[in-house]
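To keep things clear, I will list the structure first and then write my remarks on it.
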Amino acid sequence: MSALLKTVNLERTFGAVTAATDINVELNSGEIVGVIGSNGAGKTTFINMVTGYIQPSGGDILVRGESIIGKSPREVSLAGVGRSFQVAQLFQELTVLDNMLIAFGFSVDRKLSFLNPLRSAEKIEKAQAVLREYEIEQYTDEVVSTLPQGVRKLLDIAMAMLSNPGLMLLDEPTSGVAIEDKFTLMDTVMAAVRKSDAATMFVEHDMEVVLRYADRVLAFYDGRVLADGPTQKVLSDPKVQELVVGHHLDLSDSAPATTKESGHA
Amino acid sequence: MKTKSLALLFILGLAILAGGLLLPQWMSYLFTIAMGKGLVVLGLVLLMRAGLVSFGQGLYYCVGAYVAGMLTQFAEVTDILLILLASISVSVVIAAIIGLLLCRYREIFFAMFSMAFSMILYGLLVRMQVLGSTDGFNVANPSLLGWAPGPEGASDLVLAVAVFLVVSLGILAWRYLNSLSGYAGEAVRENEIRLEYLGGSVFKVVYVKYIIAAALAAIGGTVTALVSGHVDPEMAYWTTSGEFVFIALMGGTAHVAAPIIAAVLFEALRTYAFAVAPYTWQMILGFALLAIILFMPSGLWSLVERFQNKKARKTT
């Protein structure tokens, strides 16, 4: 059986600058992969290529064995790839409920109705159930632009997860979120991800978050994959610590990624 | 809220119909013209809610009017329903073709491209002697299902049909705006990327809205042609499209009744301005627009919203 995601010699250049090169990655259902690297290492470029946001300069991207090269973000999304953004991409001047209802309409119903009310009792109930799952139900009637970053991030992810994508890419899900809320946010997101059995990649700078939630780590450096393997192994690699993490990581107290438990570090 | 909105449209329609039938001929005429323009602006509002301002709705307004004129003059078709059907069909076909290009653009490019197409039609009409060139030509009196009311009753017939159209299309537009397609417009305005990643086609959303707006503009043009008994290329000129944008800004985009009310007020204001200052009436309109932008940037409908909010605060 072909891998859920397979990239072959993936490359992206911007003029004379090579943002990503020679990226060969395979990902299977249920895997949770942390993507680490310093700024400009190629993490977001990689995520953007896999989700059709930018096209690679070379190489191939296969989702369930089919190439997605040349496909638009919409087509990639319909192929079962979901994503969230570093800066939550939402309908800012609409309420949380309206955001969720629109997401339901396009991701789940997939029928552009012209006269049926969007705000029907049945649809509202379904939307609220999702908001409850992501623990943001109390913000149902709030306008998105007035909400804290953490709530926006959760809503962004909740909307992206609605279509039940086989592959979910989260670009810095905890950036801009208060330190004390990071683990709460990730607990909620990971609970939803595990429930769906989606293969998940999340870009992250906080090694505590990576250690806690990733089964596997992809370490990027200078546009290339420097290391790819189990979280503990990659993070204890001196080269990764020197070039990617930037300092020594003491992993002696860390529980293995696959036996993560609830509770905050 | 649903019932209230529908009731408001219904009452508005009845009031205009009663006003038009009971009041003097010139006022009936003014109301009918306002209804026609209100429909054009209703279409424009659908686009504006998606963040797109068209400066070219005059194109479809003129197409609707010319189809009506040509059918009555050259094909001797006077049935108002057939004329409306033909106007809508022609405008939809044109919009379906032009929309393929136009709906890929946003902001000023969309505005300017839409204006360019209306100016192309203007240029064509000015050069066509057979259609009266700059003078245009007259439109025969309409009939309805075999009943021809003649010159005296024709304007009342057009008014009644216009009011029926405003109310029924207003209700449909209201339902549309509350559907997924309606909300999709706001989603396009707010964040196209998120909509695409949800699996929605931004192009399709905009394209459908553009075609609906074109059909509404053609209906408005047909109503205007039939009540005024005349069509000319000015209907496609950019100032006519600008007038629709003026009315849209005046009313606001928050409710389907806003463009209709604004169109009535605009026609009244223009008539008054022309009566008191025949050479500088545009200045009065300019000051009116300035005042609205400064004090009611969301249009006259914001007054209704303010009233509703005040009422809601009192009850809580």
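The values are calculated or read from the model by the stated rules, or taken from the named source; none is laboratory data. Here the structure is a predicted model, which is why all the values come from computation and not from measurement. Here Cβ is always computed from backbone atoms with ideal geometry, including for glycine, and neighbour counts include all displayed protein chains.
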Every pair of residues 6+ apart whose Cβ atoms lie under 9 Å, when the first sits in segment A:113-134 and is of a type in the set (D, E, K, R) while the second is assigned to a loop (DSSP other than H, G, I, E, B)
A:119/B:178
Specify which of the listed residues (B:205, B:227, B:188) is β-branched (Val, Ile, Thr), over 18 Å from the mean Cα position of the chain (by Cα) and more than 8 Å from chain A (Cβ to nearest Cβ).
B:188
Among (1) on the phi < 0 side of the Ramachandran plot; (2) polar (S, T, N, Q); (3) touching a residue at least 24 places away in the same chain (Cβ under 8 Å); (4) within 12 Å of chain B (Cβ to nearest Cβ), the one test that residue A:164 misses:
(1)
Just to check your reading of the model, which residue among A:66, A:75, A:93 is within 29 Å of residue A:177 (Cα to Cα), surrounded by fewer than 17 Cβ atoms within 10 Å (Cβ to Cβ) and either touching an Asp or Glu at 6+ places or on another chain (Cβ under 6 Å) or among the acidic types (Asp, Glu) (or both)?
A:93
Expected single match for more than 9 Å from every other protein chain (Cβ to nearest Cβ) and under 19 Å from the mean Cα position of the chain (by Cα) among A:124, A:69, A:54 is A:54
For residue A:96, state whether it is under 30 Å from residue A:125 (Cβ atoms) and more than 12 Å from every other protein chain (Cβ to nearest Cβ).
yes
Would you pick out the residues in segment A:12-46 that are of a type in the set (A, V, I, L, M), touching a residue at least 24 places away in the same chain (Cβ under 8 Å) and under 17 Å from residue A:222 (Cβ atoms)?
A:19, A:20, A:23, A:25, A:35, A:36, A:41
Could you tell me whether residue A:115 is within 11 Å of another protein chain (Cβ to nearest Cβ), surrounded by fewer than 16 Cβ atoms within 10 Å (Cβ to Cβ) and either over 28 Å from residue A:50 (Cβ atoms) or over 18 Å from the mean Cα position of the chain (by Cα) (or both)?
yes
State yes or no: is residue B:250 at negative phi, touching a Cys at 6+ places or on another chain (Cβ under 6 Å) and part of a helix (DSSP H, G or I)?
no
Is it the case that residue B:123 is away from every other protein chain (no Cβ under 14 Å), in contact (Cβ under 8 Å) with a residue 60 or more places away in the chain and not β-branched (Val, Ile, Thr)?
no
Name the residue that is farthest from residue A:241 (Cα to Cα), counting only residues in segment A:176-211 that are modelled with pLDDT under 85 and in a loop (DSSP other than H, G, I, E, B).
A:197
Condition test on residue B:71, is it surrounded by 20 or more Cβ atoms within 10 Å (Cβ to Cβ), without any contact (Cβ under 8 Å) to a residue 24 or more places away in the chain and hydrophobic (A, V, I, L, M, F, W, C)?
yes
Among the candidates B:252, B:220, B:286, residue that is at pLDDT 85 or above and within 19 Å of residue B:36 (Cβ to Cβ)
B:220
Quick check on my filter: what residues within segment A:97-134 are of a type in the set (A, V, I, L, M) and under 17 Å from residue B:196 (Cα atoms)?
A:100, A:101, A:102, A:103, A:108, A:112
Within segment A:195-209, considering residues that are on the phi < 0 side of the Ramachandran plot and more than 13 Å from the chain's Cα centre (by Cα), the one surrounded by the fewest Cβ atoms within 10 Å (Cβ to Cβ):
A:195
Is it fair to say residue B:223 is within 17 Å of residue B:45 (Cβ to Cβ) and in a helix (DSSP H, G or I)?
no
(1) within 14 Å of chain B (Cβ to nearest Cβ); (2) of a type in the set (S, T, N, Q); (3) out of contact with any strand residue (DSSP E or B) (no Cβ under 6 Å at 6 or more places or on another chain): which one isn't true of residue A:138, the others all being true?
(1)
Residue that is surrounded by the fewest Cβ atoms within 10 Å (Cβ to Cβ) [pool: residues in segment A:102-112 that are more than 7 Å from chain B (Cβ to nearest Cβ) and within 21 Å of the chain's Cα centre (by Cα)]:
A:108
Residue B:193, sole failed condition from (1) part of a helix (DSSP H, G or I); (2) modelled with pLDDT under 95; (3) surrounded by 22 or more Cβ atoms within 10 Å (Cβ to Cβ); (4) within 14 Å of another protein chain (Cβ to nearest Cβ)
(3)
Return a yes/no flag: does segment B:143-160 have any residue that is in a loop (DSSP other than H, G, I, E, B), at pLDDT 90 or above and surrounded by 12 or more Cβ atoms within 10 Å (Cβ to Cβ).
no
Report yes if some residue within segment B:29-42 is part of a loop (DSSP other than H, G, I, E, B) and closer than 23 Å to residue B:107 by Cα; otherwise report no.
no
Which count do you get for residues in segment B:281-316 that are closer than 13 Å to residue B:252 by Cα and among the aliphatic types (A, V, I, L, M)?
7
Which pairs have Cβ atoms under 7 Å, sit 6 or more apart or on different chains, and link a residue in segment B:217-238 that is in contact (Cβ under 8 Å) with a residue 60 or more places away in the chain and closer than 20 Å to residue B:159 by Cα to one that is among the basic types (Lys, Arg) and assigned to a helix (DSSP H, G or I)?
B:220/B:37
Please indicate, with yes or no, whether at least one residue in segment B:85-92 is within 14 Å of chain A (Cβ to nearest Cβ) and surrounded by 20 or more Cβ atoms within 10 Å (Cβ to Cβ).
no
